[in-house]
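Below: one structure, written as structure tokens.
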Amino acid sequence: MERAEAYGFSGAMSGAFLLSCLLFAAVSRRQRGPYMDEVFHVPQAQAYCHGRFLQWDPMITTLPGLYLLSVGVVKPAAWLLGWTGSVVCSVGMLRFINLLFSAGNFYLLYLLLFKIHQKNKAVSGFQRILSALTLAAFPTLYFFTFLYYTDPGSVFFTLFSYLMCLYGNHKTSALLGFCGFMFRQTNIVWTVFCAGNVVAEKLNEAWKIELQKKKDEKISSRKGSFSDLTRILEFLVKYLLSPKNLVTLTALTWPYIILVSLFFVFVFINGGIVVGDRSSHEACLHFPQLFYFLSFTVFFSLPHLLTPAKIRKFLLSLKKHPVQYSLVAVISLFLIWKFTYVHKYLLADNRHYTFYVWRKVFQRHELVKYLLVPFYLFAGWSFADTLKSKSIFWILMYFVCLLAVTVPQKLLEFRYFILPFLIYRLNIPFLSLHRQLMELAFYILVNAVTFYLFLNRTFQWENSDEVQRFMW
């Protein structure tokens, strides 16, 4: 990092943290007590603060990573600063943990952008800083910086694990992956993703050698034709069936293999992936979740996905491959028909944006969910088009992880899309400077509206005196 870039990054991070502190103070003044899921998380952390480590709220579905880390930070800080009484492990103190995670996420996002795009010499330090700032302000993640939720910590350890993987520190990466798993069990998928990065790199090297041997320059690991895909799949099967290759891959990925093995032991002993309230978190094959994620991605990528040039390019692709698109459309219609699930929380809780998305869009008419298929096709094409700079093996590995982390979820919840979106956004090529500025301005606008609604547009339920607030 050059000196000017270092100063610029320090200034951006300090400014963002100061602004977050001011916003944190505003949120804490307006919402002093626990809100939404905080009514479970805060008392559990406070029980740990008082040494009651065997106490557990059965409504909590995640492992105790957040509470253990909170106690590990707050208790020493209280001892050093002489804090006593109710201030130790208070709601505000516990929420502040996520503010620290937010600063850590900003730094990790910058380091990841630097590492992933290090070969692109055309990218300036200012663009890297701007992209890191934009992703740190990603609305769905940034909002939960100010509440005591697992999301900021979950993202922190997952991004840290990914960074260590890219630098080849796989034992450290697996250890950090374990920390991420302790925050949210589904993060085990991103441990598999880290292992998949190693495998994809080896596969890509072997594929290039294969092409060189056959001296067939017309075939590329990044082409999308059916014949190319068939040949790649044949190569993939042949490579993975080789004992020598399997030994090599195992030697490279053994830390991740151990962690995934421990995960399966946990699932066997626990009787499932969910801890606590399982009745509301049943796994199912909810394939439309993939379509919701693609729509979510297009919305938060409007400055660079929904452009006239992109739409023209999509229409040309549609004209060139009508049979393939028709087949994908038919499959999509079938998946929506047979595998659409509506969670009771989605219909009952009018504090979440998803409640209004579902009511205003999907419940307008029974046919709406089918009429959205053309938009899903565009979203899927745009998503794949922006990833074309990655190898086909990386794309296949990421897509498998994306399916694993979204499809089993019955509840439509935007928080579940945070990590797959960030991984995607980190790996696409850098935008032009004016589109980066547009993206940052868009995120700031969405955040401003979100916090305005949360802080000022309160309401009450008929059967409750508690103040209710709109949120992601």
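The values are calculated or read from the model by the stated rules, or taken from the named source; none is laboratory data. From a predicted model like this one, the values you see are computed outputs, not experimental measurements. FYI the Cβ positions are ideal-geometry reconstructions off the backbone, even for glycines, and counts take in every protein chain you see. The area values use the complete protein model at the heavy-atom level, side chains included, leaving out ligands, DNA and RNA. Shrake-Rupley method; radii C 1.70, N 1.55, O 1.52, S 1.80 Å.
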Q. Can you pull the percent of the chain's accessible area that's carbon plus sulfur, 1.4 Å probe, other chains left in place?
A. 67
Q | Rg and Dmax of the chain, Cα atoms only, in Å | A | 23.1, 74
Q. Taking a Cβ-Cβ separation under 4.7 Å as the criterion for a possible partner, which cysteines of the chain have none?
A. Cys21, Cys179, Cys284, Cys401
Q) In the range 282-431, how does Rg compare with the Kirkwood Rh, expressed as the Rg/Rh ratio over alpha carbon atoms? A) 0.95
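How much accessible area per residue does the chain have, in Å², with a 1.4 Å probe? Display every interim value, and only then the final one.
On the way: 23190 Å² over 472 residues.
Accessible surface, normalised per residue, equals 49 Å².
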Q) Can you give the angle from 0 to 90° between the axis of helix 65-81 and the longest principal axis of the chain, with both taken from C-alpha atoms, to the nearest 10? A) 50
Q: Report, in degrees rounded to the nearest 10, the 0 to 90 angle that the Cα long axis of helix 373-386 makes with the longest principal axis of the chain.
A: 80
Q) Hey, rough spin-label estimate for Leu241 and Val330, points 7 angstrom out along Cα→Cβ, what's it come to in nanometres? A) 3.0
Q: Can you tell me the 0 to 90 degree angle between the C-alpha axis of helix 433-456 and the longest principal axis of the chain, rounded to 10?
A: 30
Q: Please get the size of the charge dipole for the chain, origin at its Cα centre, with Cβ charges of +1 on Lys and Arg and -1 on Asp and Glu, quoted in debye to the nearest 20.
A: 1340
Q. Between exposed GluC sites (Glu not before Pro) in the chain, where DSSP calls loop and at most 14 other Cβ atoms lie within 10 Å, what's the longest gap?
A. 3-216
Q: Could you work out how far apart the two model spin labels at Leu367 and Phe459 are, taking each label as a point 7 Å from the Cα in the direction of the beta carbon, and quote it in nm?
A: 3.0
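Going down the list Lys213/Lys390; Lys208/Lys310; Lys171/Lys244; Lys320/Lys410; Lys119/Lys171; Lys320/Lys369, which pairs span over 32 Å between their C-alpha atoms?
Details: Lys213/Lys390 22 Å; Lys208/Lys310 30 Å; Lys171/Lys244 22 Å; Lys320/Lys410 36 Å; Lys119/Lys171 25 Å; Lys320/Lys369 26 Å.
As for pairs spanning more than 32 Å Cα to Cα, those are Lys320/Lys410.
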(Q) Please compute the modelled spin-label separation between Val265 and Leu306, points set 7 Å along Cα→Cβ, answer in nm with one decimal. (A) 4.8
